Amino acid sequence: MSEGPSLWRDRNFTVFWASQTLSVAGDSFALIAVPLLVLHVTGSVAQMGLLTGVASAASVVAGIFAGVLVDRLDRRRLLIWCDVARMALYGVVPVAWAFGPKIWLLYVVLPLSEAIGMVFQVAYVTAVRGLVDADRITEANGRLSATAAAAGIGGPLLAGVVAGWFGPTAAIAINAASFGVSALGVLLIRLRRQPAPSAEEADEAARGPWHELLAGARFLWRQPVLRALTILLSFFIFLTLGLTDVLIYHLKHDLGQSDGAVGVVLAAAGLGTVAGSLLVGPVRRRMGFGASWIGAIAVAGLAIMGLGVSTGVPVAGVTAAAYLACVSVAGICSMSLRQQVTPDHLLGRVTSAFWMTHYALGPAGAAVLTWGAQHHGVEVVCLLAGAACLLIAVAAFFTPIRQQNPELSAATG
């Protein structure tokens, strides 16, 4: 247990927390406003799909190199410049739109912003470690995740109101301003100084960029707990990435619910994310890492099975909330452990490698899950996916994940 000041009294963390919450809320404005801009001008969903695909591809490519940038450069400055760049990019849109719609501009702004956003997200993970003590990382991640989830619920509602009253470009302008707030927040904090490069790090850089690029993946593979987590979480993502689509299909197709009911269930599910994020710190302190992670995956599996047999909105809402609460607990525990056991000079590359591996199977899994729901029914798919998640939890018992405090064994190993 840390003897330092509470996170509530930690000025650095509080400033960072507040500014990033406002930034996440601003991001949700773009999620609503960009599709509205495209639809207003072209009336084409296909155009929006193409734009989303191009932006996603840019994010994936940036993810390959983001870790190296984060580990080589001053992380605080990198965070600020990422925010300033995105503020400028999104700020161009309402200015340009004042002289008439320019869809081509979105194909420049969105991919560049997504690529820069990927670099920011990797740097963000390393910044948390530079803000708080090691034994407060889980609590800090939980609070950041909770307020981000809450902003993600309220942000789209407010964005819809702004876009309806003042137009989508006004919502994009607010998003641009939110990046300015984030940059100011990072400017006002101080991260702990990064250690000077060791002889091993210098040798690593001298062996060439490709060797340096793969250093994060090699560390993940050599570290027993992180290796097991990476493998099992990749299968978990395969089984669950398409679950939101399946939930919506279940509500609309099987239960005959309205769009409003779908919104209520998704809002309840979002509250589950908030609850799990707030609970993860106390849960891990009491139960330890292994029991927290394995228990969360097991309960998530049961929730998925419950979702498949749900026959009404209340049960669907409760099971969806329980599932996302458990996903938050497992995900935050996993991220916090990576921050605790990874050497500082590798943290960016390890984060990039983990995310790239973690989500590699996700798109295929989403396609399989939704195809199965349409052809064999939601109940069958959810029962099978939930049972497979339970098997993942059982498998974790036979790996180093089961340890109560794996960060201690990693530090002494």
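The values are calculated or read from the model by the stated rules, or taken from the named source; none is laboratory data. Predicted, not measured: the structure shown is a model, and the values here were computed from it. Please note: Cβ atoms are built from the backbone with ideal geometry, for glycine as well, and neighbour counts cover all protein chains shown. These area figures cover heavy atoms from the full protein model, side chains too; ligands, DNA and RNA do not enter into them. Shrake-Rupley method; radii C 1.70, N 1.55, O 1.52, S 1.80 Å.
Could you state the accessible area per residue of segment 316-385 in Å², with a 1.4 Å probe and every protein chain left in place?
I get 36 Å² per residue for this part.
To the nearest 0.05, what FRET efficiency results for Asn12 and Ala387 with a Förster distance of 45 Å applied to their C-beta separation?
Result of the calculation: an efficiency of 0.50.
Give me the tail of P(r) for segment 60-125 as a percent: Cα-Cα pairs with distance above 20 Å.
Looking at segment 60-125, the distances longer than 20 Å represent 34 percent of pairs.
Return the carbon/sulfur percentage of the accessible area of segment 86-179, one whole number, probe 1.4 Å, all protein chains in place.
Summing carbon and sulfur atoms, their accessible area is 74 percent of the total for segment 86-179.
Between Arg218, Arg75, Arg129, where does the largest GNM mean-square fluctuation fall for the chain, given springs only between Cα atoms within less than 10 Å?
With Cα springs under 10 Å in the chain, the top fluctuation among Arg218, Arg75, Arg129 is at Arg218.
Students often check this: by mean Cβ neighbours within 10 Å, which of 138-144, 365-371 ranks highest, and how do the rest follow?
138-144, 365-371
Need the full-extension length gain, Leu214 to Thr42, defined as separation in residues times 0.36 nm minus the C-alpha distance. One decimal, nm.
57.7 nm
Work the Kirkwood hydrodynamic radius out for segment 92-154: mean of 1/r over every pair of different alpha-carbon atoms, inverted, in Å.
When all Cα pairs of segment 92-154 are included, the Kirkwood radius is 14.5 Å.
Based on DSSP H assignment, which helices of the chain show an axial Cα extent of at least 18 Å together with a mean Kyte-Doolittle hydropathy greater than or equal to 1.0?
Passing helices, by number: 11-42, 45-72, 103-131, 168-187, 224-240, 259-308, 313-341, 378-396.
For the chain, restrict the atom set to alpha-carbon positions and state the Rg and Dmax in Å.
21.4, 64
Can you give me the C-alpha center-to-center distance between segment 280-332 and segment 345-413, rounded to a whole angstrom?
Spelled out, the Cα-based centre of one part sits 14 Å from the other.
Over all Cα pairs of segment 243-340, how is the pair count split among 5 Å bins, expressed in % and running from 0 up to the last occupied bin?
P(r) for segment 243-340, in whole percents per bin: 3, 15, 24, 21, 14, 11, 7, 4, 1, 0.
Mean shadow of segment 111-184, computed from the convex hull of its alpha carbons, in nm²?
Over every viewing direction, the Cα hull of segment 111-184 projects on average to 5.8 nm².
Round to a whole number: what % of the accessible area of segment 278-336 belongs to carbon and sulfur, probe 1.4 Å?
Here it works out to 78 percent.
Once the piece of chain linking Leu158 and Ala134 is laid out straight, how much longer is it, given 0.36 nm per residue of separation minus the C-alpha distance between them?
Stretched out fully, the Leu158 to Ala134 stretch lengthens by 5.0 nm.
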